[in-house]
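Some notes on the structure that comes next.
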Amino acid sequence: MISWLHLTYKMPRNPSSPRVKIWRKLKSLGAFHLHDAIWLLPNNAYTFEQFQWLTVEIKDLGGEATMWESQLLFGLSDEEVSQLFIEQINESYIELLKNLDGENIDLVSLSKKYQRIKKIDYFKSPLEIKVREKITQQRSDLK
């Protein structure tokens, strides 16, 4: 059974920049937008710490935030939620693969992007291997 972290928050409407800042951080963590202002991550040391910091930041920006730890009981299964995370991360991997197939690519930049994506690939998408192989191939083609 997987342990999950939920972050719920509410931010003032104006100004909008703090809301956008929090949204971007949630996206960069690979959090899954479960419902309204409820975001979900698998519970590990890294995600726990990141949600803790984000909870504090939301409060510092004038919002309200609560972080929960939970386990699924009814409704979606752990496997189904894990698959939602994989589908979400696959969008980033597919975009990266398209960029790697382009001409005059910036392999350094794309490799850094790959590392950022891999860091939030909590459930090991099969596309990660394809991206890694493509980057390796591109590097060998440059030699």
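Only the coordinates and a few stated rules stand behind these numbers; no lab work does. Model, not experiment: these values are computed from the prediction. In this analysis, Cβ positions are derived from the backbone assuming ideal geometry, glycine residues included, and neighbour counts consider all displayed protein chains.
Odds and ends about this structure:
- Principal-axis tilt of helix 107-119 within the chain, Cα atoms, nearest 10 degrees: 40
- Applying 1/(1 + (r/R0)^6) with r as the Cβ-Cβ distance of Arg132 and Val56 and R0 = 41 angstrom yields a FRET efficiency of 0.70.
- Between Leu84 and Asn44, the modelled label-to-label distance comes to 1.9 nm, taking each label 7 Å out from Cα in the direction of the beta carbon.
- When the chain is treated as a GNM with alpha-carbon contacts under 10 Å, the residue of Ser28, Ser17, Ser77 showing the greatest mean-square fluctuation is Ser17.
- Length gained on full extension, Lys10 to Leu142, computed as 0.36 nm times the residue gap minus the Cα-Cα distance: 42.6 nm.
- CD proxy at 222 nm, helix term only [per DSSP H run n ≥ 4: -39500 (n - 2.57); per residue of the chain; nearest 500]: -19000 deg cm²/dmol
- The GluC sites (Glu not before Pro) found in segment 43-82 include none that occupy coil by DSSP while having at most 15 further C-beta atoms within 10 Å.
- The order of His33, His6, going from fewest to most other C-beta atoms within 10 Å of their C-beta, is His33, His6.
- Low-density loop positions, trypsin sites (Lys or Arg not before Pro), segment 72-125 - DSSP coil, at most 13 other Cβ in 10 Å: Lys124
- Segment 31-143 shape via C-alpha gyration tensor axes, a/c threshold 1.5: prolate
- Its Cα centre serving as origin, the chain has a Cβ charge dipole (Lys and Arg +1, Asp and Glu -1) of approximately 560 debye.
- Nearest 10 degrees, 0 to 90: helix 127-142 Cα axis against the chain principal axis: 40
- Sorted ascending by nearby beta carbons within 10 Å, beginning with the fewest, Ile105, Ile120, Ile58 become Ile105, Ile120, Ile58.
- Cβ-placed point charges (K, R +1; D, E -1), dipole of segment 78-142 about Cα centre in debye, nearest 20: 400
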